[in-house]
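The structure appears right after this line, and notes come after that.
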Amino acid sequence: MRKLWGGVFSGTNDRVVEAFGQSIETDLTFWQEDVIASVAHARMLGATGIISAEEAKTIEDGLERIHEEGPGALPRDVEDIHTAVEARLHDLIGDVAGKLHTARSRNDQVATDTRLYIHNALLEVSDEIKRLQATVLEQAEKHANDLMPGFTHGQRAQPITLGFHLLAYFWALQRHGWRFERVVELANYSPLGSAALAGTGFPIDRFATSKELGFTAPIPNALDATSDRSYLLDALSAAANLMIDLSRLSHELVLFSGREFGFVKLGDAVTTGSSIMPQKRNPDMAELIRGRTGRAIANWVSLATTMKGLQLGYNRDTQDDKPPLFSSLRLINDSLVLTGLMLQRADWQTERMRAAIHGDFSTATDLADALARTGMPFRQAHEIVGGAVKNCLDRGITLEDLDATELALLAPDAPPDTINVLQPEGSVASRESYGGPGPKAMREQLEHAARMLGETGFSAPV
Ligand code: ARG
């Protein structure tokens, strides 16, 4: 294996030692960031006169060549990406390549590379979140008036609409987009030029490299810059948080597509058959998203456990910050795409959802509200309605079966138009409070969501 640090060592490393320490395969994910950061460093070395302008130019040209060649031309018999790029540069331009590493270390390099990497990767996640929001909003518009039972404690509670239910996920996604943007903002500071841990005696210009690489500013303390991995923990935590919401949506799709509910038929593209039971259509993609959420949480736990109690300064432990990061990023991108696909192909069984409300007494609250509106204390209204429900149950009928005369007997104080809210349509139509499912409130909410979707980036979700 080719090495950057052969000078003071003698003898050859055992193969297990080499393999255990090697990260090149994982590092290739951010090979471009490594090259770009090196270009900025080389230019700065030239501009400050630390190396000659000519040497800087030769190095920069070599790096540009590496960029054009792509990762396929980089050697693999090396420890990591930094070694690979420098080795390739030496192949291309000779000994002057050795000057690139003046006034820097792999410790500030790797921190710079991963900060650059998550910047772009998380912006892509944000785009994917927007795309899913667009799908959710489209479906919510389409089903704004389709009634379904709303649940609390997993039990039918009050009638709502499918559009209203779907919009709840729109706002969850808005929070995730907002959160990812904040992670990007917080990570966007430059460690480059911190060298191993303690800065350098060379007259470098950290502000220049920071600016050139698009960072907001250099990190003010070189020891902090090389030690910190909280930006990766933030990214992993935001990813786990997003997966948790996607897993809830997935679980609902699993539940609602089962025969017991029968609320939705999922598309062929996102389901599979069973190898033994011909009648089955399994919601595999939803199940996998739900299941792999465990992995996203574990990825955060994995790095958090690595970081806990680590002494300041670079520690090799943190080399393993990358596999969980790349695993979670891949997972959230795939899961966002698949969730969009599931929703686009979902065939909602609106009649069945409407029918599921029948006879579940889920308009009892509306009856209590109607009584309370006459000035009766809500507690008393609650009691009267409890009696009416019991009466219906004893007679084997439901609230919506009551006619005006029967209602007047059971709840004498109820105004005559109360009969309307006993029907699920009337119940939903009456709940026009801000954020409620009534037609006017929903229209406002849909417009609000469309405005948010039209913005570049994500404003605070409230
Ligand atoms: N591959 C290393 C990592 O990812 C790069 C930094 C190595 N630094 C060192 N002093 N060995 O953390």
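Taking H as built 1.01 Å from N, whose amide H comes closer than 5 Å to the amide H of Ile160, not counting residues under 5 places away?
Excluding prolines and chain starts, which carry no amide H, the hits are Met148, Gly150.
From the helices alone, meaning DSSP H stretches of at least four residues, give me the mean residue ellipticity at 222 nm for the chain, per-run term -39500 (n - 2.57), in deg cm²/dmol to the nearest 500.
-20000 deg cm²/dmol
For each of Arg290, Arg2, Arg316, count neighbouring Cβ atoms within 10 Å of the residue's Cβ, then give the residues from fewest to most. If you can, show how the numbers build up before the last one.
Details: Arg290 21, Arg2 13, Arg316 8.
Result, fewest neighbours first: Arg316, Arg2, Arg290.
If amide hydrogens are placed 1.01 Å from N in the peptide plane, which non-local residues have theirs closer than 5 Å to the one on Lys265?
Asp347, Trp348, Gln349
Rounded, prolate or oblate: which fits the stretch 1-153 when a ≥ b ≥ c are the square roots of the eigenvalues of the alpha-carbon gyration tensor, with rounded for a/c under 1.5 and prolate only if a/b beats b/c?
Details: a/c = 3.46, a/b = 2.09, b/c = 1.65.
Prolate, because a/c is 1.5 or more and a/b exceeds b/c.
Past the 32 Å Cα-Cα mark, which pairs from Lys57/Lys130; Lys130/Lys308; Lys99/Lys322; Lys265/Lys322?
Long pairs (Cα-Cα over 32 Å): Lys57/Lys130; Lys130/Lys308; Lys265/Lys322.
Which ³J(HN,Hα) values, rounded to whole Hz and listed in residue order, are derived for the stretch 116-131 from phi using the Karplus coefficients 6.51, -1.76 and 1.60 in 6.51 cos²θ - 1.76 cosθ + 1.60 with θ = phi - 60°, glycine and proline given as x?
5, 4, 5, 4, 6, 5, 6, 5, 5, 4, 4, 4, 5, 5, 4, 4
Which whole number in µm²/s is D for the chain by Stokes-Einstein, with the Kirkwood Rh taken over Cα pairs at 4 °C and 1.567 mPa s? Write out the running numbers ahead of the final one.
On the way: Rh = 26.3 Å.
The estimated diffusion coefficient comes to 49 µm²/s.
Once you sort the root eigenvalues of the Cα gyration tensor of the stretch 222-375 as a ≥ b ≥ c, which label holds: rounded (a/c under 1.5), prolate (a/b larger than b/c) or oblate (the other case)?
Since a/c reaches 1.5 but b/c is at least a/b, the shape of the stretch 222-375 is classed as oblate.
Based on the Cβ-Cβ distance of Ala460 and Arg15, what FRET efficiency does E = 1/(1 + (r/R0)^6) give at R0 = 41 Å, to the nearest 0.05?
Once rounded, the FRET efficiency stands at 0.15.
Using 7 Å Cα-to-Cβ label points, what is the Glu406/Val301 separation (nm, one decimal)?
Label at Glu406, label at Val301, 5.3 nm between them.
If the reach is capped at under 17 angstrom between alpha carbons, list the aspartates and glutamates near Lys280, excluding any in the same chain fewer than eight residues apart.
Hits, sequence-local ones excluded: Glu260, Asp268, Asp347.
Treating cross-link reach as a plain straight distance, find the lysines whose alpha-carbon is under 18 Å from the alpha-carbon of Lys390, omitting any fewer than eight places away in the same chain.
none
Express as a percent, rounded to the nearest 5, the fraction of DSSP beta bridges in the chain (both residues included) that run antiparallel.
Values: 9 of 12 bridges.
Beta bridges within the chain, antiparallel portion: roughly 75 percent.
Spin-label point model (7 Å from Cα, Cβ direction): what's the Glu141 to Leu393 distance in nm?
Rounded to a tenth, the inter-label distance reads 4.4 nm.
What's the ranking of 424-432, 166-174, 73-81 by average number of surrounding C-beta atoms within 10 Å, highest first?
166-174, 424-432, 73-81
Specify the inter-centroid distance of the stretch 336-352 and the stretch 394-462, based on alpha-carbon positions, in whole Å.
24 Å
Find, among the trypsin sites (Lys or Arg not before Pro) in the stretch 186-283, those assigned to loop by DSSP (not H, G, I, E, B) with at most 13 other beta-carbon atoms within 10 angstrom.
Arg259, Lys280
At a threshold of 8 angstrom on Cα-Cα distance, excluding pairs fewer than six apart, so keeping six or more, what relative contact order does the chain reach in percent?
Working: 656 pairs, mean separation 74.1, N = 462.
Reported relative contact order: 16 percent.
Which of the peptides 448-460, 363-375 is most tightly packed, and how do the rest follow, judged by the mean count of other Cβ atoms within 10 Å per residue?
Sorting 448-460, 363-375 by mean packing, highest first, produces 363-375, 448-460.
From the phi angles alone, apply the Karplus equation (6.51, -1.76, 1.60; θ = phi - 60°) to the stretch 358-373 and give each ³J(HN,Hα) in whole Hz, x where the residue is Gly or Pro.
Per-residue couplings from phi come out as 4, x, 9, 6, 7, 9, 4, 4, 5, 5, 4, 4, 4, 5, 5, 5 Hz.
Under the Karplus relation 6.51 cos²θ - 1.76 cosθ + 1.60, θ = phi - 60°, what is the ordered set of whole-Hz ³J(HN,Hα) values for the stretch 325-334, x standing for Gly and Pro?
My calculation for the stretch 325-334 gives 4, 5, 4, 5, 5, 4, 4, 5, 4, 4 Hz in order.
Just so you know, all these numbers are worked out from the coordinates, no wet-lab data involved. Worth saying up front: this structure is predicted, and the values here are computed from it rather than measured. Cβ atoms come from the backbone with ideal geometry, glycine included; neighbour counts cover every protein chain shown.
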